[in-house]
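Single-structure report; data block below.
The values are calculated or read from the model by the stated rules, or taken from the named source; none is laboratory data. Computed from a predicted model, the values in this text were never measured in an experiment. Backbone-built Cβ (ideal geometry, glycine too); neighbour counts: all protein chains shown. For the accessible areas, the whole protein counts, side chains as well, though only heavy atoms, and no ligand, DNA or RNA atoms are used. Shrake-Rupley method; radii C 1.70, N 1.55, O 1.52, S 1.80 Å.
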Amino acid sequence: MIIVPRVGIGYDSHRFGPGGPMRLGGIDIPAEFHCAGHSDGDAICHAVTDAILGAAALGDIGQLFPDTDPANKGKDSTVMLLAAMDRIVSAGLRVGNVDVTVITQLPKIGPHREAIRVRLAELLAVDVSAVFVKGKTNEGMGWIGRGEGLAVMCTATLIPR
Ligand SMILES: [Zn+2]
């Protein structure tokens with residue numbers, strides 16, 4: 001039987017606020033600034049959550065965790081990702097792989113790549129070989145180039161359990 005994976009895409013962006021560390025991919029990265037947001041601002045977890053929910057056609061992170069809900073203030077984004085995982089598992093699916101690109105001038109993602117991969121693999125219940133994370137600068141252009149914030153893109157595949 002040929003298994004056709006379901007493909008999802010996720011995108012997120014956050015403005016930087018003063019003071020670190022920066023929560024990204026479920027780990028704390030030393031930085032002079034952090035991703036401001038209603039939750040903990042973890043843009044990688046948000047993009048991954050949207051990618052897997054999208055692949056399953058089970059909604060999006062804003063529907064599951066409205067930023068108008070005071071209960072979501074300062075929320076640990078790994079909790080949101082795990083809630084999305086529960087939905088995917090209930091739908092008879094599991095993660096095939098995820099591929100993440102972080103677009104930011106700072107902090108450098110490379111030195112933290114492996115730690116983020118390990119953490120995401122744990123959250124997504126996959127082998128670390130099924131998770132990849134890349135950092136890109138925006139070549140100094142625009143709001144990302146000026147260091148006003150960062151953006152994250154993610155693709156994910158889901159396969160039957
Ligand atoms: Zn976000």
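For the chain, what % of the accessible area comes from carbon and sulfur atoms, probe 1.4 Å?
Roughly 56 percent of what the probe reaches on the chain is carbon or sulfur.
Students often check this: by mean Cβ neighbours within 10 Å, which of 99-110, 67-78 ranks highest, and how do the rest follow?
Ranking the peptides 99-110, 67-78 by packing returns 99-110, 67-78.
Expected output is a single nm value to one decimal: the length gained when fully extending between residue 106 and residue 63, i.e. 0.36 nm times separation in residues minus the C-alpha distance. What is it?
Computed gain between residue 106 and residue 63 is 12.5 nm.
Using helices alone, what [θ] at 222 nm do you get for the chain, with -39,500 (n - 2.57) per DSSP H run of 4 or more residues, divided over all residues and rounded to the nearest 500?
Computed mean residue ellipticity for the chain: -8500 deg cm²/dmol.
Using the scaling law 2.2 N^0.38 Å as the reference, what is the normalised Cα Rg of the range 18-107?
Its radius of gyration relative to the 2.2 N^0.38 Å reference: 1.12.
Can you give the Rg and Dmax of the chain based on its C-alpha atoms, in angstrom?
For the chain, the Cα-based Rg and Dmax read 15.2, 53 Å.
Run down the lysines and flag those whose C-alpha is under 27 Å from the C-alpha of residue 134, throwing out any fewer than 8 positions away in its chain.
List returned: 75, 108.
I need to check one value: relative contact order of the chain, counting alpha carbon pairs closer than 8 Å and at least 6 residues apart, in percent.
Relative contact order comes out at 32 percent.
Report the FRET efficiency, 1/(1 + (r/R0)^6), for residue 129 and residue 38, where r is their Cβ-Cβ distance and R0 is 45 Å, rounded to 0.05.
Efficiency, from the Cβ-Cβ distance: 0.85.
Please give the FRET efficiency for residue 122 paired with residue 148, using the beta carbon to beta carbon distance and R0 = 41 Å, rounded to the nearest 0.05.
In this case the efficiency is close to 0.85.
With a probe of 1.4 Å, find how much accessible area the range 20-125 has per residue, and write the answer as a whole number in Å².
42
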